[in-house]
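Below is one structure, written out as structure tokens; comments come after it.
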Amino acid sequence: MIGKSSTQAPHTGATDRDQSWLELALCAQTGSAFFFPEPGSSVREAKQICLACEGRAACLEYALTNDERFGVWGGLSEKERDRLRRGPAPRGYEGT
């Protein structure tokens, strides 16, 4: 997702080539409310848009590299990106 974030826009020193995915970003054509919903709201619509987006993988990579903490980026919510960063749970771990 581009736009509203902890950094306000994904322009944190990456080269133009690194950000070519921005031209493909479907989120740029929709409202940010889908990608930054109120707490407890559904992110289903944002994820559906992301599934159809050609820039999805690069968007997710951007979010992980830049530690984006809020919103849907690359089709994943904040919690999903956090789990991805942490890696798989150890065997036998059942979580809470």
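All of the numbers you see were taken from the coordinates with simple rules; none came from a lab. All values derive from a computational prediction rather than experimental measurement. FYI the Cβ positions are ideal-geometry reconstructions off the backbone, even for glycines, and counts take in every protein chain you see.
Before moving on, here are some points about what is shown:
- Restriction of the GluC sites (Glu not before Pro) in segment 29-96 to DSSP coil positions whose beta-carbon has at most 16 other beta-carbons within 10 angstrom yields 54, 94.
- Shown here for segment 20-89: trypsin sites (Lys or Arg not before Pro) in loop regions (DSSP other than H, G, I, E, B) with at most 14 other Cβ atoms within 10 Å, namely 69.
- Annotation: extensible slack from residue 30 through residue 82 equals 16.2 nm (criterion: 0.36 nm per residue apart, minus Cα-Cα distance).
- Over 13 Å [Cα-Cα, segment 22-68], rounded percent: 58 percent
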